[in-house]
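First the structure, in the form of structure tokens, and then the observations on it.
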Amino acid sequence: MVERVLVVGAGIAGLFTALALAPSGREITLFERDPPPPPGGAEEAFDAWARRGVGHLRHSHAFLARLRTLIGAEHPDLLEALREAGAREPRFADSLPASLRQGYLAAPEDEELAVIVSRRTTLELVIRRHVEARPNVTLRSGAFVRGLITEPGADGAVRARGLRVDGEGEIAGDLVIDAGGRSSPVADWLAEAGIDVPEEEESCAILYYTRFYRRVSGAPEPPRGRFATTGDLGYLKFAVFPADNGTFSITLAAPEVEETLRTAIPRPECFEAICARLPGVAPWTDPATAAPVSRVHGMGELKSRWREMAPGGAPLIGDFFRVGDSLVQTNPLYGRGCSFAAIQAHLLRDALDETADTAARARLYAERVRGSLRPYHDDMAQQDRGAARRALHGLDPAWKPSWRGRLTRSFLEDGVAIAVRRDIGLMRAALRGFHMLAPPRAWLIRPAAMATILATWARGRKANARFYAEKPGPPRAEMFAALGLSVTDDLERTRAS
């Protein structure tokens, strides 16, 4: 019997679920409340596609090497379609600092470190059309799903049996998949069915803001090298994201405690003033080089979240699965959300194909998601906590770190960071961890890597001077003065609270 699969949501998670499951011959129906994309191509999608369910649709995206590798291996025709739509694939060599470019010799594994860069609307449009071309996939836009149909199984456990859809009543399915994102209503439906889902949640303690630009006709892309196009100033993170068809975006991210700054950033004149004072960003936003093509889009209430649908190996509900942000939510600044969703979709496919047993499917999927993604989730959460502490200390000019804090900072900035900029092997290993091609911190604890780092650290700043990057931006007080902002309001507010 052909299994009928009902998917709530047709964003990246829903689309990759359909891509992964379609070759099996299952009948797949995706339900989304948003309208379909407008006719046309990438520009029409960016200008006019209304996606209330995707709050970060017009924020910066860079699709990690792990995702590009998966697409290339599983869906090579999709990768080619993305190229034809204007998506670009920067290579490992493109990311090298000047200290490593001279004398660079390519290694076979460098091919895996290519990424995909495009606007989210372009990526989603191409994947959507790829999915819609599958004969066993139906995509229903403007469909409002109102509830989950459940029933007790022979073993007494609750099982999903379909969805309630506005104007259509009950639609039966053999499998129900929640790909509705971080605002999915399915959490409420599970609670109504008496299903309590264990979850871990914490704030990412940051807000971010994005503006898109288009290069002036004939203007070349600014060269990279001397000044960083990505940086962390403590009070502000920033990055340039090249995209498709002559477009790019700038993202500025401010810690939650920087209330004065994060309130000012959404103003276009303030956003542009900040960019003009970041040496690696200013050439990109120079009016002679590019012009804005969007407003400043903001996004807050960012949380990391891990949900367990089969705690202890026992599924909470049978024939029901979650894919994407409805299962695991991450800080968008790490660019892992789309990769997590695609990996989960293919892990789910493998579990479904391996067995028809309801409990075994849920257990296999949960175990494999945990084994594949939990290290990256935990590493991200740990980094977010550290960044939040540093931002809080940064409000107080009188704060002094402990000797241990100074030693740790020196090890990271004068040891690890400089060793990576000196040694091509360490650079490869670090990027493989970042791009989810290897465990996130495994490279750092290898004896040979640690020996190189310690030797670099021992050389001292003077001997390593040529490997330090140029100053990425001004200190907090200087930036605030240029913007006409108070440097003390947030400190006083924090002390008062």
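Before moving on, here are some points about what is shown:
- Some residue of region 343-351 being outside any helix (DSSP H, G or I) and closer than 27 Å to HIS61 by Cα: no
- Within region 89-128, considering residues that are part of a loop (DSSP other than H, G, I, E, B) and polar (S, T, N, Q), the one farthest from SER249 (Cα to Cα): GLN102
- Here GLY386 fulfils each of the conditions (1) free of Cβ contacts under 8 Å to residues at least 24 places away in the same chain; (2) assigned to a helix (DSSP H, G or I); (3) within 20 Å of ALA160 (Cα to Cα) apart from (3).
- Subset tally (residues that are closer than 21 Å to VAL296 by Cβ, buried (at least 17 other Cβ atoms within 10 Å of the Cβ) and hydrophobic (A, V, I, L, M, F, W, C)) for region 171-227: 5
- Which numbered condition LEU437 misses (of (1) in contact (Cβ under 8 Å) with a residue 60 or more places away in the chain; (2) under 24 Å from the mean Cα position of the chain (by Cα); (3) part of a helix (DSSP H, G or I)): (3)
- Among residues of region 320-366 being buried (at least 22 other Cβ atoms within 10 Å of the Cβ) and farther than 21 Å from LEU67 by Cβ, the one that is nearest to the chain's Cα centre (by Cα) is ALA366.
- Residue match in region 137-151 (condition: of a type in the set (A, V, I, L, M, F, W, C) and in a loop (DSSP other than H, G, I, E, B)): yes
- Criterion: assigned to a helix (DSSP H, G or I) and either buried (at least 22 other Cβ atoms within 10 Å of the Cβ) or not assigned by TED's automatic domain parsing to the domain that holds GLY180 (or both) - qualifying residue of LEU79, LEU6, LEU30: LEU79
- Residues satisfying the stated conditions in region 452-477, i.e. of a type in the set (A, V, I, L, M), assigned to a helix (DSSP H, G or I) and under 26 Å from PHE238 (Cβ atoms): ALA465, ALA477
- Elements of type strands (runs of 3 or more DSSP E) in region 184-234, at least 1 residues being farther than 26 Å from ASP378 by Cβ, out of contact with any helix residue (DSSP H, G or I) (no Cβ under 8 Å at 6 or more places or on another chain) and touching a residue at least 12 places away in the same chain (Cβ under 8 Å): 206-215
- Selection count where residues are part of a loop (DSSP other than H, G, I, E, B), closer than 24 Å to ALA360 by Cα, out of contact with any Pro (no Cβ under 8 Å at 6 or more places or on another chain) and touching a residue at least 60 places away in the same chain (Cβ under 8 Å), scope region 289-326: 5
- Which listed residue is out of contact with any Lys or Arg (no Cβ under 6 Å at 6 or more places or on another chain) and farther than 22 Å from LEU100 by Cα, from ALA465, ALA430, ALA481, ALA455: ALA481
The values are calculated or read from the model by the stated rules, or taken from the named source; none is laboratory data. These numbers come from a predicted model, not from an experiment. We place every Cβ from the backbone using ideal geometry, glycine too, and count neighbours over all the protein chains shown.
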